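Peer 1: Before I ask anything, let me first share the structure, which is written out below as structure tokens.
The numbers here are math on the coordinates, done by the rules we state, and not lab data. Fair warning: this is a prediction, and the values are worked out from it, not measured in the lab. Every residue, glycine among them, receives a Cβ derived from its backbone with ideal geometry; neighbour counts consider all protein chains shown.
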Amino acid sequence: MPVPQKKSKKNKKLLATLYLLGLLLAVSTALPAYIQSNFLRQFVSLNVISLFFMIANLATVAAILVFPKLIKELTNYFLAKIVLIVYASSLLGLALASNAGLALISIILFSVASNLIWINMDVLIENFSENSSTGRTRTIYFTFINIGWILSPILTTYLIGKGEYTLSFLIAGFLVIPFFLIFLYQSKRLKDKIKYRKDGIGATLKKIWAKKDSRGIFFVAFLLQLFYSTAVIYIPLYLFQNLGMGWEKLGPIFSVMLIPFIILEIPAGLIADKYLGEKEIMSAGFIILAVSLFLFYYISVPGFWLWLAVLFFSRIGAALVEAMRETYFFKSVGAQDISYINIFRITTPLAYIVGPGLSILVLMFWPLNYLFLVMAIIMLSGLIFSLSLKDTK
């Protein structure tokens, strides 16, 4: 359980700085996100793209598994600086990639580093948060992150028009510079001042599995990331390759569809803190995700407004689940529980292994849109886990 601490004015100012860092990092990680599958399509087939993502995320899982031990030995602050350097190098590699080999190496480094740096940020945010306001703190943090994700597709559309995919990767790498400078400037405040728990990965997994609520929120997190893997990798491919929608349409669509994350997550966090509880809001989100995925399967025309509406609707569901996932989990852990945070975040690369693996199986028998139908059915299983949770209120 987290150690209670009084949040001073200095802590509030530092949280504001961390929100800004989250925004910069979000723009940087989002710029490559929606173009990486179409970028790889220049070198390899659709099934090989899936294998690329599976390999990259297997490496990410391995890195996350050893990350708690490294944080305990080397500190979260020091490791964050190393990870940032690897992250910037991966983006430079993607910008220079002219063959499948360099693209694969760069994708692996990008996947590993982008996942690890968000874990570093989780530890920092949690270290300066207060349990009674977890819903507000986490949803404000994610709102800043989602502003970055909204800005990125519009910027990507402009950059692709100027320099294909190369310029997007270079700008994403350039954004690491202000992040790094702010990080160094706040070094005295950000350096580790807590003692991390000694639980290993095996012991942590046993504890998670033994508790119904811990097990349930783990599966909720995994299912949400499974939706994201489909949305980030295969929706752009489907709209671009199958329906012939260009980036002049996709950029605005991908930006507007993310608005629910800005307008819904903070109110949802406040409601969960003070009134309703998490599982009801989370369950509504899963129902919306399942319905929207069925619509992805069913709609086969490249209508701009139609796809904008459906994708916007899907993100209402994702925003509700995401806000409640963060609120629920971080009410039960503290910054010292680094092994728990790592296991929680390992759901991202796991989903990016299962999602592409599932797509390979589906594409052996059916067209790409059938993947969305399969995912719709899987999202409905989220109700089993969300309804089984005990509200923290």
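Peer 1: Over the range 32-114, what is the relative contact order in percent, taking alpha-carbon pairs closer than 8 angstrom and at least six residues apart? Could the numbers behind the result be given before it?
Peer 2: On the way: 52 pairs, mean separation 33.6, N = 83.
Reported as a whole number, the value is 40 percent.
Peer 1: Also: Take the residue pairs LYS81/LYS331; LYS191/LYS211; LYS13/LYS69; LYS12/LYS188; LYS69/LYS279 and return only those whose Cα atoms are more than 24 Å apart.
Peer 2: As for pairs spanning more than 24 Å Cα to Cα, those are LYS81/LYS331; LYS191/LYS211; LYS13/LYS69; LYS69/LYS279.
Peer 1: Do the sum for the chain: with -39,500 (n - 2.57) for every DSSP H run of n ≥ 4, divided by all residues, what is the mean residue ellipticity at 222 nm, to the nearest 500 deg cm²/dmol?
Peer 2: That comes out to -26000 deg cm²/dmol.
Peer 1: Please list the helices of the chain that count as membrane-span-like by this rule: a mean Kyte-Doolittle hydropathy of at least 0.0 together with Cα atoms stretching 15 Å or more along the helix axis, each helix being a complete DSSP H run.
Peer 2: Helices meeting the span and hydropathy rule in the chain are 9-33, 46-74, 76-96, 100-127, 134-163, 212-229, 259-274, 278-298, 304-330, 347-363, 369-380.
Peer 1: Another question, then. At 0.36 nm per residue, and after removing the present C-alpha to C-alpha distance, how many nm does the segment from ILE182 to LYS81 gain when stretched out fully?
Peer 2: That pair, ILE182 and LYS81, stretches by 35.2 nm at full extension.
Peer 1: What is the order of TRP118, TRP366, fewest Cβ neighbours within 10 Å to most?
Peer 2: TRP366, TRP118
Peer 1: Taking the Cβ-Cβ separation of PHE313 and THR166 as r and a Förster radius of 35 Å, what is the calculated FRET efficiency to the nearest 0.05? Please report the intermediate quantities before stating the final value.
Peer 2: Numbers: r = 34 Å, r/R0 = 0.97.
Approximately 0.55, to the nearest 0.05.
Peer 1: Hey, rough spin-label estimate for SER98 and LYS13, points 7 angstrom out along Cα→Cβ, what's it come to in nanometres?
Peer 2: Reported label-point gap for SER98 and LYS13 is 5.0 nm.
Peer 1: Just how far, in whole angstrom, is the range 136-179 from the range 364-393 if you go by their alpha carbon centroids?
Peer 2: 29 Å
Peer 1: Just want to confirm a number: the relative contact order over the range 64-177, from Cα pairs under 8 angstrom separated by 6+ residues, in percent.
Peer 2: 36 percent
Peer 1: Oh, and also: Over the range 9-388, what is the relative contact order in percent, taking alpha-carbon pairs closer than 8 angstrom and at least six residues apart? Can you show the working numbers first?
Peer 2: On the way: 534 pairs, mean separation 109.2, N = 380.
So the answer I get is 29 percent.
Peer 1: While we're here: Just to be sure I understand the model, the point goes 7 Å from the Cα along the line to the Cβ. What's the resulting PHE219 to LYS191 distance in nm?
Peer 2: A separation of 4.5 nm, rounded to one decimal place.
Peer 1: Now for a different question. Could you give me D for the chain, from Stokes-Einstein at 10 °C and 1.306 mPa s, where the hydrodynamic radius is the Kirkwood radius over C-alpha pairs? Units µm² s⁻¹, please.
Peer 2: Answer from the Stokes-Einstein relation: 75 µm²/s.
Peer 1: Suppose the chain between PHE365 and TYR275 were pulled fully straight at 0.36 nm per residue; how much longer would it get relative to their current alpha carbon spacing? Write down the numbers at each step before the final one.
Peer 2: Details: separation 90, 0.36 × 90 = 32.40 nm, distance 4.71 nm.
Full-extension gain reported as 27.7 nm.
Peer 1: Would you mind computing, in nm to one decimal, how far apart the modelled labels at LEU383 and LYS72 are, each placed 7 Å from Cα along Cα→Cβ?
Peer 2: Each label point lies 7 Å from its Cα, and together they span 4.2 nm.
Peer 1: Here is a follow-up. Give me SER292, SER381 sorted ascending by neighbouring Cβ count inside 10 Å, so fewest comes first.
Peer 2: SER381, SER292
Peer 1: Take each of the peptides 98-111, 49-62, average the number of other beta-carbon atoms within 10 Å over its residues, and list them starting from the highest.
Peer 2: Those peptides, ordered most packed to least, come out 49-62, 98-111.
Peer 1: In what order do VAL354, VAL123, VAL66, VAL83 fall by count of nearby beta-carbon atoms within 10 Å, going from fewest to most?
Peer 2: Least to most surrounded, the residues fall as VAL66, VAL354, VAL83, VAL123.
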